Amino acid sequence: MKKAFLSLLTIGMLLATLPAAGQNGYYKDLFMDGGCSLNSYPDLPAADWLGLTMEQLSTAPRLEMTRLDTLMQNFLLVSNPLDENGALLYPDGAPRFRAVYLNGGKALGHTKSLTAEGREHFRTFLKNGGSVVGTCAGAFMVSHGSVRDTGYVPRPDYLHLWPGWTVGTGLEKSATGMTVEPGSPLLQYYDFGGDMQIDSIRHNGGCYAYMEENVPEGTEILLRYIGDTLKLKKSIHQKVSAWAWKESPQTGRVVVIGSHPERMISGDRLELMAAMIRYALDGNGTTRLKGVLRKGEPRHMERRTADNDPDFTCIGDRQYHHFAVDVPKGVSEMTVTLSAPARWTDRFDLWLFADGQDFAFRENARWKDVNHGTEKQLTIPISKPGRYFVSVFCATTVDTVDTYYGVQYTGRTDVLNGVPYILRVDW
């Protein structure tokens with residue numbers, strides 16, 4: 001009973017420390033990619049344990065896969081008339097989910113099936129602040145390719161999210177232990193029993209990080225294989241089995257492992273997968289300004305994805321757009337007005353926030369208007385000159401229906417290509 005109580009307490013503490021996706025301006029926390037050539041599962045135990053919101057793509061087993069699977073995958077992830085840049089991205093290219101999880105399977109088969117446009121979406125996702133978690137094939141496909149006895153083998157069809165190289169282990173249908181690297185950032189979440197070791201992690205044809213040369217600056221070692229009893233042509237003992245990388249504060253974080261902890265439901269192995277997800281989520285890119293609003297100059301946020309002008313592009317579902325206002329001396333009151341083109345006025349709910357200290361989110365904004373519709377106005381008393389923050393949040397979102405391949409969007413699907421609006425400040 002005590003153990004069960006502690007488990008419930010632990011889960012409660014986790015939920016209290018993990019912010020909801022909508023609070024930070026994301027549609028949901030996690031997207032699980034079980035697309036073409038990848039393993040497909042209906043759930044992800046670690047995500048359930050952490051209380052994360054998630055959607056997933058599932059396809060038929062590799063030997064039974066049809067052309068329909070590829071069409072269905074790319075309709076969801078790449079482009080379709082209802083959603084011009086796919087489920088992973090907002091109209092302006094910002095990440096719609098906090099992180100993507102790449103399943104195990106066949107790395108090259110999956111990345112080729114995504115097409116060049118789909119692969120670029122994943123790069124945009126990471127560049128603009130979304131994080132990536134991968135296991136086995138997921139670790140392969142984030143790299144630039146593999147290193148073999150004959151030298152480097154570039155894979156131009158990989159995702160190229162981490163500019164390093166991997167090496168195949170040659171170990172299939174087995175399991176290994178792993179040691180936790182001293183100082184591993186995963187230790188900020190769990191101590192894995194206190195012995196710096198995790199036993200019996202399933203392994204099937206995975207990889208390790210090539211650390212001899214061309215190692216991307218900032219690559220973090222998380223775990224190493226225990227393989228001193230394995231009879232392999234080339235030893236994997238103490239090779240880097242899990243690693244992370246974050247290019248800059250603005251980009252997301254890549255967190256990958258060459259093995260398979262993703263189906264674990266208890267113990268150190270569940271904690272390992274949960275720690276990887278948490279470290280990825282904590283590595284989301286910093287909040288960015290769309291621009292600085294100037295007195296009396298309306299800011300028209302009406303561009304579409306194809307216009308390739310993200311600072312003036314429409315807003316997506318559960319997304320924030322952030323702006324700054326530099327208020328000069330002598331101003332006692334500022335008015336912020338939000339409106340939309342006439343035919344959009346009552347079709348969507350846009351919320352307006354402002355704060356005098358930091359980026360304005362629903363939870364911290366000092367001034368807010370969350371009434372129905374798009375027409376909003378805030379009157380803000382100015383006690384001192386300086387920078388103020390204004391944000392617009394799109395509260396309208398889609399409904400979902402569970403299907404054999406994941407979810408299908410229904411309801412307000414017109415929000416997926418973005419809602420136009422006009423923002424103006426005066427004093």
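The values are calculated or read from the model by the stated rules, or taken from the named source; none is laboratory data. Small disclaimer: the values here were computed from a predicted structure and weren't measured. For neighbour counting, all protein chains shown are included, and Cβ atoms are generated from backbone atoms with ideal geometry for every residue, glycine included.
Quick one: which strands (runs of 3 or more DSSP E) lie wholly within the stretch 367-410 and hold at least 1 residues that are among the aliphatic types (A, V, I, L, M), under 20 Å from TYR27 (Cα atoms) and in contact with a Phe, Trp or Tyr (Cβ under 9 Å, 6 or more places away or on another chain)?
Once the strands (runs of 3 or more DSSP E) in the stretch 367-410 are filtered for at least 1 residues that are among the aliphatic types (A, V, I, L, M), under 20 Å from TYR27 (Cα atoms) and in contact with a Phe, Trp or Tyr (Cβ under 9 Å, 6 or more places away or on another chain), what remains is 386-394, 399-403.
Can you name the strands (runs of 3 or more DSSP E) wholly within the stretch 76-169 that have at least 2 residues being free of Cβ contacts under 8 Å to residues at least 40 places away in the same chain and in the same structural domain as LEU63 (by TED's automatic domain parsing)?
Correct list: 145-148, 151-154.
Each row is one residue, and each column tells you yes or no for (1) modelled with pLDDT under 95; (2) within 24 Å of LEU38 (Cα to Cα); (3) among the aliphatic types (A, V, I, L, M).
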| residue | (1), (2), (3) |
| --- | --- |
| GLY218 | no, no, no |
| ASP228 | yes, no, no |
| LYS231 | yes, no, no |
| LYS234 | yes, no, no |
| TRP243 | no, yes, no |
| VAL256 | no, yes, yes |
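For the stretch 6-35, how many residues meet the condition of being modelled with pLDDT under 95 and either outside any helix (DSSP H, G or I) or not assigned by TED's automatic domain parsing to the domain that holds ASP92 (or both)?
Total satisfying the criteria: 4.
Which residues, counting only those in the stretch 234-248, are farther than 16 Å from GLY206 by Cα and either among the small types (Gly, Ala, Ser) or not assigned by TED's automatic domain parsing to the domain that holds TRP165 (or both)?
If the condition is that a residue be farther than 16 Å from GLY206 by Cα and either among the small types (Gly, Ala, Ser) or not assigned by TED's automatic domain parsing to the domain that holds TRP165 (or both), then ALA244, SER248 are the ones that fit.
If you scan the stretch 182-204, which residues turn out to be surrounded by fewer than 20 Cβ atoms within 10 Å (Cβ to Cβ) and either part of a loop (DSSP other than H, G, I, E, B) or on the phi > 0 side of the Ramachandran plot (or both)?
Matches in the stretch 182-204: PRO182, GLY183, TYR189, TYR190, ASP191, GLY193, GLY194, ASP195, MET196, SER200, ASN204.
Kindly indicate which of ALA340, ALA354, ALA365 is small (Gly, Ala, Ser), outside the structural domain of GLU84 (by TED's automatic domain parsing) and touching a residue at least 40 places away in the same chain (Cβ under 8 Å).
None of the others qualify; the one that does is ALA340.
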